[in-house]
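Asker: Following this message is one structure expressed as structure tokens.
The values are calculated or read from the model by the stated rules, or taken from the named source; none is laboratory data. Keep in mind that what you see is a predicted model, and the values were worked out from it rather than measured. No Cβ is skipped: glycine too gets one built from the backbone with ideal geometry, and neighbour counts run over all protein chains shown. Side chains are part of the model used for accessible areas, which takes the heavy atoms of the whole protein and leaves out ligands, DNA and RNA. Shrake-Rupley method; radii C 1.70, N 1.55, O 1.52, S 1.80 Å.
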Amino acid sequence: MSNRNTIQLRPNEFKNDDIQTDSWRWGGSVNYGLADKQNAENAPNIVQTMGVKDMSAIDLTKFLAGKTVTVQPYINPYDEGMQGSSSVKDFETFLQLIHLYFTAPRKDPQLFASYINTQKGFLKNLKSNPNSYFADTVARLEYNNNPWAPVVPDASDYDKISLDRSFDIYKEIYGNAYGWHFTFVGNIDVAKMKPMLEMYLGSLPSKEKENKF
């Protein structure tokens, strides 16, 4: 595409009414350093909690009622992406939602605070479970307490997250779709879907950059 995205379509008939995608590029949270580790790792979940454009997560759930559409942005240590699935009839809504997660994340301080409090409560319960506590302790020993180790964060780590900084990181990553690779697998009618792909993915903002981890 003109915005330097690539799209791969893999039609199959394993399921009559299912289309799945995983799109990604090199990058990830390690590019932002330890000071922003929590801000970068949590940015996609925070945005999902707040919604897109003028719709909160609750509004979005209501809008998607009766539709089969899921979209999940993610930022891993070494790559960033977006995955999801839809039915055949809801494919255009699927692409519209993907487009909105790239171009119109919503900022809501109250929902952000709710997310932080929810995660703290979840971690408190998780670490009170002996099995979880044991597994986390073993992982910390295996990685010699390396701060980049894939261990369960402490509740206090969520006090380090800034709404403004996390939101800025999200927009920096998803606001420039240069070099993104989209793969769609499922019951795909290539001729019918190509114009929609060009409309919603070919129009994503793109400025040349080096994608690396």
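Asker: Starting from segment 19-32, keep only residues that are on the phi < 0 side of the Ramachandran plot and part of a helix (DSSP H, G or I), then list their pairs with residues that are hydrophobic (A, V, I, L, M, F, W, C) and open to solvent by less than 40 Å² (accessible area, probe 1.4 Å) whose Cβ atoms are within a distance under 7 Å, requiring at least 6 positions of separation or different chains.
Answerer: Within 7 Å, the pairs are S29/A40; S29/I75; Y32/A40; Y32/I169.
Asker: Another one. Only one residue in N125, N144 is of a type outside the set (K, R), assigned to a helix (DSSP H, G or I) and open to solvent by 80 Å² or more (accessible area, probe 1.4 Å). Which one?
Answerer: From the options N125, N144, the qualifying one is N125.
Asker: Residues of segment 3-30 being open to solvent by 80 Å² or more (accessible area, probe 1.4 Å) and over 13 Å from the mean Cα position of the chain (by Cα), which ones? Quick ask: steps written out before the conclusion?
Answerer: So the first thing to find is which residues in segment 3-30 are open to solvent by 80 Å² or more (accessible area, probe 1.4 Å), and the list is 4, 8, 10, 13-17, 20, 24, 26.
R4, Q8, R10, E13, F14, K15, N16, D17, Q20, W26 - these are the residues of segment 3-30 that are open to solvent by 80 Å² or more (accessible area, probe 1.4 Å) and over 13 Å from the mean Cα position of the chain (by Cα).
Asker: Within segment 146-173, work out how many residues are closer than 27 Å to H99 by Cβ and basic (K, R).
Answerer: Of segment 146-173, the ones closer than 27 Å to H99 by Cβ are 161-173.
Checking the rest, the ones that are also basic (K, R) come to 165, 171.
So the answer is 2.
Asker: Would you mind finding the one in Q20, Q8, Q38 that is of a type outside the set (G, A, S) and touching a Lys or Arg at 6+ places or on another chain (Cβ under 6 Å)? Steps first, answer last, please.
Answerer: Details: Q20 fails: touching a Lys or Arg at 6+ places or on another chain (Cβ under 6 Å); Q8 fails: touching a Lys or Arg at 6+ places or on another chain (Cβ under 6 Å).
Only one candidate qualifies: Q38.
Asker: Continuing with this model, one more query. How many residues does segment 43-64 contain that are of a type outside the set (A, V, I, L, M) and within 23 Å of P77 (Cβ to Cβ)?
Answerer: Within segment 43-64, the subset of a type outside the set (A, V, I, L, M) is 44-45, 48-49, 51, 53-54, 56, 59, 61-63.
From what's left, within 23 Å of P77 (Cβ to Cβ): 44-45, 48-49.
The total comes to 4.
Asker: Here is a follow-up. Has segment 167-187 got any residue that is part of a helix (DSSP H, G or I), farther than 15 Å from Y32 by Cα and either open to solvent by 40 Å² or more (accessible area, probe 1.4 Å) or polar (S, T, N, Q) (or both)? I'd like the intermediate steps shown before the answer.
Answerer: First pass over segment 167-187, keeping only residues part of a helix (DSSP H, G or I): 167-174.
Checking the rest, the ones that are also farther than 15 Å from Y32 by Cα come to none.
No: zero hits.
Asker: Does segment 43-84 hold any residues that are in a strand (DSSP E or B) and open to solvent by less than 20 Å² (accessible area, probe 1.4 Å), and which are they? Please lay out each step first, then the result.
Answerer: Start the filter on segment 43-84 by keeping residues that are in a strand (DSSP E or B), which leaves 52, 55, 69-75, 79-84.
Once the filter is applied, which keeps residues that are in a strand (DSSP E or B) and open to solvent by less than 20 Å² (accessible area, probe 1.4 Å), segment 43-84 yields V52, V69, V71, P73, I75, E80, G81, M82, G84.
Asker: Still on this structure, please answer the following. Among what's in segment 85-119 and is within 26 Å of E172 (Cβ to Cβ) and charged (D, E, K, R), pick the residue that is surrounded by the fewest Cβ atoms within 10 Å (Cβ to Cβ).
Answerer: Among them, the one singled out is K107.
Asker: Among the listed residues L163, L100, L111, which satisfies the condition of being touching a residue at least 40 places away in the same chain (Cβ under 8 Å), within 30 Å of Q8 (Cα to Cα) and not charged (D, E, K, R)? Write out each step before concluding.
Answerer: On the way: L163 fails: within 30 Å of Q8 (Cα to Cα); L111 fails: within 30 Å of Q8 (Cα to Cα).
Within the list L163, L100, L111, the selection yields L100.
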